[in-house]
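> Dumping the structure here so I can ask a few things about it.
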Amino acid sequence: YTLGLATTELALHAPSQIASAMKTRANQLGFNVVISMTDNLSLSACRAAVSELMSQRVDGVLINVPLSNDNAQAIAQMCNNLPALFLDVDPQADVFKILFDPHCGAEQGVEHLLALGHQQIAVLTGPLESISARLRYEGWLQTMAKHNVKPCTVQHGDWSAASGYQQALLLLNQPERPTAILVANDQMALGVLRAAHEFGLRVPEQISVMGYDDTEDSAFFFPPLTTIKQDFRLLGHESVNRLVDDLHPQGDYRRSSLLLPTSLVERHTTA
Ligand code: IPT
């Protein structure tokens, strides 16, 4: 078999680690993976990536591109009889999917900071065109509201370390300084750590930073990053297994979607 992977920007750490984990699993099973990458978050870019895979006669597709419910439906329709597994959609989306529970991850981050006594919490979201960025943001707000807390500032980045740095500079320049920053991914948190350093703020003594992803390098940031782990190796393994099961369903096989848990990894950027 040949599997197709339509993915968002592979220069980002999470999508590249997911692609790597899929390749590893596919190789173990003796399958090939061909990759097509989108260069923006539009529906037409995703359509183009999927049709490029279809023209290479793949047997099934993995779709790691953020898609709203309507757009996921549109892509599922376009795939028609070709098995398609989605990795970046709403847990409610009515498609074949495997996802980390965004609500669980957002809740773990907020509750950790609240348990440490933080009340002045700033948030730095991912790009709001991304469904996962929106769901993490919503989860933060809901969990904070449950504890009668509101974010003291909200900024939006684009997942890159550069955007984390730039947005943190804006955030730290405001008169009311947060005691903690909730960041939607580890790469932006890397930029936040540099900004805090440039402001002469000690992490975690003067400001706490919470990441999201637990990509490979996060344990080597300075200080080592406290974050929410999404086990990308497991995601790669499970997604390939499930897509392959779907190619030639046997016995009483029924296609089943999966919601994976996230977990808090406490290192040294929160106190
Ligand atoms: C998501 C990552 O958490 C984030 O850091 C960013 O890389 C994003 O992907 C890119 O789309 S993980 C995804 C499976 C929701």
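The values are calculated or read from the model by the stated rules, or taken from the named source; none is laboratory data. Please read these numbers as outputs of a predicted model, since none were measured by experiment. Positions of Cβ are generated from backbone atoms using ideal geometry, with glycine treated the same way; all protein chains shown enter the neighbour counts. SASA here: full protein model, heavy atoms, side chains in, ligands and nucleic acids out. Shrake-Rupley method; radii C 1.70, N 1.55, O 1.52, S 1.80 Å.
> Relative contact order (percent) for segment 102-229, with alpha-carbon contacts under 8 angstrom and 6 or more residues of separation?
24 percent
> Could I have the simple spin-label model distance between Leu259 and Val154, label points 7 Å from Cα toward Cβ, reported in nm to one decimal?
Between Leu259 and Val154, the simple spin-label model gives 2.3 nm.
> Could I ask something else about it? Percent of Cα-Cα pairs more than 21 Å apart in segment 1-123, please.
Details: 3347 of 7503 pairs.
For segment 1-123, the share of Cα pairs beyond 21 Å comes to 45 percent.
> Which value, in debye to the nearest 20, gives the size of the charge dipole of the chain about its Cα centre, when Lys and Arg are +1 and Asp and Glu are -1 at the Cβ? Could the numbers behind the result be given before it?
Details: 18 positive and 28 negative charges, 17 e Å.
So the magnitude is around 80 debye.
> Strictly greater than 13 Å: what percent of every Cα pair in segment 62-116 meets that?
Values: 902 of 1485 pairs.
When all Cα pairs of segment 62-116 are counted, 61 percent exceed 13 Å.
> A further question follows. Can you figure out the FRET efficiency of Leu170 with Gln92, using R₀ = 41 Å and their beta-carbon distance, to the nearest 0.05? Can you show the working numbers first?
On the way: r = 33 Å, r/R0 = 0.81.
Step by step, r from the Cβ atoms, then E = 0.80.
> Ignoring ligands, DNA and RNA, what accessible area per residue does segment 102-229 give at 1.4 Å, in Å²?
Details: 5280 Å² over 128 residues.
Averaged over the residues of segment 102-229, the accessible area is 41 Å².
> For the chain, modelled as a GNM with alpha-carbon contacts under 10 angstrom, which of Ser44, Ser163, Ser132 fluctuates the most?
Result: Ser44 has the largest fluctuation of those listed.
> Separate question: Calculated from DSSP H runs of 4 or more alone, at -39500 (n - 2.57) each and per residue, what is the 222 nm mean residue ellipticity of the chain, nearest 500?
It lands at -13500 deg cm²/dmol.
> A further question on this structure: Can you work out the FRET efficiency for the pair Arg194 and Ala219, with r the C-beta to C-beta distance and R0 = 30 Å, to the nearest 0.05?
Numbers: r = 17 Å, r/R0 = 0.58.
It comes to 0.95.
> Right, another one. Using a probe of 1.4 angstrom, how much of the accessible area of the chain is carbon and sulfur, in percent?
On the way: 5740 of 12060 Å².
That share works out to 48 percent.
> Right, here's the next one. Per 5 Å bin from zero, what fraction in whole % of the C-alpha pairs of segment 165-206 is there, up to the bin with the longest pair?
Distribution as computed: 5, 24, 40, 25, 5, 0 percent.
> A further question follows. Multiply the residue separation of Arg177 and Ala115 by 0.36 nm, subtract the distance between their alpha-carbon atoms, and state the gained length in nm to one decimal. Each step should come with its number before you reach the end.
Details: separation 62, 0.36 × 62 = 22.32 nm, distance 1.94 nm.
So the extension gain works out to 20.4 nm.
> How much length would be gained if the chain were fully extended between His268 and Glu205, taking 0.36 nm per residue of separation minus their Cα-Cα distance, in nm to one decimal? Present the calculation step by step, with values, prior to reporting the outcome.
Values: separation 63, 0.36 × 63 = 22.68 nm, distance 1.00 nm.
Net length gain for the segment: 21.7 nm.
> Can you give the FRET efficiency to the nearest 0.05 for Ala11 and Lys146, using r as the Cβ-Cβ distance and R₀ = 30 Å?
Details: r = 36 Å, r/R0 = 1.21.
E(calc), rounded to 0.05, equals 0.25.
> Would you rank Met37, Met78, Met188 by solvent-accessible area, highest first, keeping every protein chain in place and using a 1.4 Å probe?
Values: Met37 95, Met78 50, Met188 0 Å².
Output order, biggest surface exposure first: Met37, Met78, Met188.
> Something else: Would you mind giving the average projected area, over all directions, of the Cα convex hull of segment 56-153 in nm² with one decimal? Intermediate results must be reported in sequence, preceding the final value.
Working: hull surface 28.7 nm².
Result: 7.2 nm².
> A further question follows. What size of dipole, in debye to the nearest 20, comes out for segment 102-229 about its Cα centre when the only charges are +1 on Lys and Arg C-beta atoms and -1 on Asp and Glu C-beta atoms?
On the way: 8 positive and 13 negative charges, 72 e Å.
Value, rounded to 20: 340 debye.
> Hey, another quick one. Run the quick spin-label model on Asp39 and Tyr1: label points 7 Å from Cα toward the beta carbon, then report their separation in nm to one decimal.
About 3.2 nm, to one decimal.
> At most 14 other Cβ atoms within 10 Å plus a DSSP loop assignment makes a site exposed; report the longest stretch of the chain without any exposed GluC sites (Glu not before Pro).
Value returned for the longest uninterrupted segment is 1-128.
> Another question, then. Would you mind finding the longest exposed-site-free stretch of the chain, with exposed chymotrypsin sites (Phe, Trp or Tyr not before Pro) meaning DSSP loop and at most 16 other Cβ atoms within 10 Å?
In the chain, the maximal stretch lacking such sites is 2-198.
> Quick one: check the C-alpha center-to-center distance for segment 58-77 versus segment 3-18, whole angstrom.
Each part's Cα centre sits 14 Å from the other's.
> Let me ask you something else. Given q = 0.09, 0.11 Å⁻¹, what are the Debye log10 I(q)/I(0) values for segment 94-249, with equal point scatterers placed on the Cα positions and solvent ignored?
Computed log10 I(q)/I(0) values: -0.30, -0.43.
> While we're on this one: If you wrap a convex hull around the alpha carbons of the chain, what volume per residue comes out, as a whole number of Å³? Kindly include the intermediate steps, with their values, before the conclusion.
Numbers: hull volume 32.5 nm³, N = 271.
Looking at the chain, the number lands at 120 Å³ per residue.
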